[in-house]
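Notes to accompany the following structure.
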Amino acid sequence: MIDALTLPVQADDGHRTDLLVRRPATPQARLLWLPALGVAARHYLPLAETLAARGIAVHLHEWRGNGSSSLRPSRTQDWGYREILERDLPASLAQVQAQDSAPLIIGGHSLGGQLACAFAGLHPDVFTRFWLVASGTPYWRTFPAPRGWTLPLIYRFLPWLAQRQGVLHGRRLGFGGTEARGLIRDWARVGLSNHYAGDGIAQDLDRAMHGVRGQATAVVMADDWLAPASSMQGLLAKLPQVRSTLTVLSAAALGARADHFAWMKAPQAVADALFHSFE
């Protein structure tokens, strides 16, 4: 039997959201899962249910400004990596830790995978296992040419546009949702410099990630130009003390397009690759 729960989460600045949970009767492990940019937590319920059927309790974090979040970005409501890493994720983690004592896994899709690694760096004694799907550093040099050559221009243009408009209207551009300008600024900084940082974050996130130990299971899709294998390898390189495996899934293996998002509706192959590393 799998329990379907919705747990209230409140950050220390009053931001409220829901943690969606799919929990088997006796979990082998607990997974804190971070979505891709602009993707609501509920879209990962097929993955959560597939993993829960295999004994993994899955907790779906919700990004500030998205889905069940009590906030929406605007000219007067702005945030970046600091609010996510120092306020929202600690609040979700506290709920996960309150449920039971099974081993903890942190993972995520796209931006979620990146910030999962950064958050683990800030809490090195909490996580020793990482599940990363269709993720990787946005650093332009990790992308194959000629696409990679265009990225520095994008990383300069999108923060400028977000600053001018007050938010980034990502759905109009086919990238994310309605996003806070500070979040886009922090993301673009990594894309240009390959250095993880955020306005107001005192700790060196790259140095923190270098200290993390454990095991990472990374999965990328064969035709995903947003997160190619080279980008994932660049992210894993920031975890030099973490043993890692990288699996590339084809459309035939997935039973769906091997792109950035199609696997979410047919997550069996991804769940197989992740769970296999846990057996």
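The values are calculated or read from the model by the stated rules, or taken from the named source; none is laboratory data. What you are looking at is a predicted structure, and each value in this text was computed from that prediction instead of being measured. Neighbour counts run over all protein chains shown; Cβ positions are idealised from the backbone, glycine included.
Within segment 263-279, if we keep just the residues that are under 12 Å from VAL220 (Cα atoms) and of a type in the set (Gly, Ala, Ser), the residue that is surrounded by the most Cβ atoms within 10 Å (Cβ to Cβ) turns out to be ALA269. Residues in segment 88-111 that are assigned to a helix (DSSP H, G or I) and either at pLDDT 95 or above or of a type in the set (S, T, N, Q) (or both): how many? So the answer is 12. In segment 217-233, the residues that are closer than 16 Å to TYR139 by Cβ reach residues that are at pLDDT below 95 and part of a helix (DSSP H, G or I) with C-beta atoms within less than 8 angstrom, at least six apart or across chains, in these pairs: TRP225/ARG147. The residue pairs whose first member lies in segment 93-115 and is closer than 11 Å to HIS59 by Cβ, whose second member is small (Gly, Ala, Ser) and part of a helix (DSSP H, G or I), and whose beta carbons are closer than 9 Å, counting only pairs six or more residues apart or on different chains, are ILE106/ALA116; ILE106/ALA120; GLY107/GLY113; GLY107/ALA116.
For residues that are among the hydroxyl-bearing types (Ser, Thr, Tyr) and surrounded by fewer than 12 Cβ atoms within 10 Å (Cβ to Cβ), tally how many sit in segment 140-151.
The number of residues fulfilling the criteria is 0.
Counting only residues that are within 11 Å of THR50 (Cβ to Cβ) and not in a helix (DSSP H, G or I), which one in segment 266-279 is nearest to the chain's Cα centre (by Cα)? Looking at the filtered set, the residue picked out is PRO267.
Each row is one residue, and each column tells you yes or no for (1) surrounded by 16 or more Cβ atoms within 10 Å (Cβ to Cβ); (2) over 20 Å from THR245 (Cβ atoms).
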{"position": "HIS123", "(1), (2)": "yes, yes"}
{"position": "PHE127", "(1), (2)": "yes, no"}
{"position": "TRP131", "(1), (2)": "yes, no"}
{"position": "SER135", "(1), (2)": "yes, no"}
{"position": "PRO138", "(1), (2)": "yes, yes"}
{"position": "LEU153", "(1), (2)": "no, yes"}
{"position": "ALA162", "(1), (2)": "yes, yes"}
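Yes/no matrix, rows are residues, columns are (1) part of a loop (DSSP other than H, G, I, E, B); (2) farther than 24 Å from ALA222 by Cβ:
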{"residue": "GLY113", "(1), (2)": "no, no"}
{"residue": "PHE130", "(1), (2)": "no, no"}
{"residue": "SER135", "(1), (2)": "yes, no"}
{"residue": "ARG141", "(1), (2)": "no, no"}
{"residue": "THR150", "(1), (2)": "no, no"}
{"residue": "TYR155", "(1), (2)": "no, yes"}
{"residue": "PRO159", "(1), (2)": "no, yes"}
{"residue": "ARG164", "(1), (2)": "no, yes"}
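For segment 74-92, filtered to residues that are among the hydroxyl-bearing types (Ser, Thr, Tyr) and touching a residue at least 12 places away in the same chain (Cβ under 8 Å), the residue that is surrounded by the most Cβ atoms within 10 Å (Cβ to Cβ) is TYR81.
The residue that is surrounded by the fewest Cβ atoms within 10 Å (Cβ to Cβ), among those in segment 9-20 that are in a strand (DSSP E or B) and touching a residue at least 60 places away in the same chain (Cβ under 8 Å), is GLN10.
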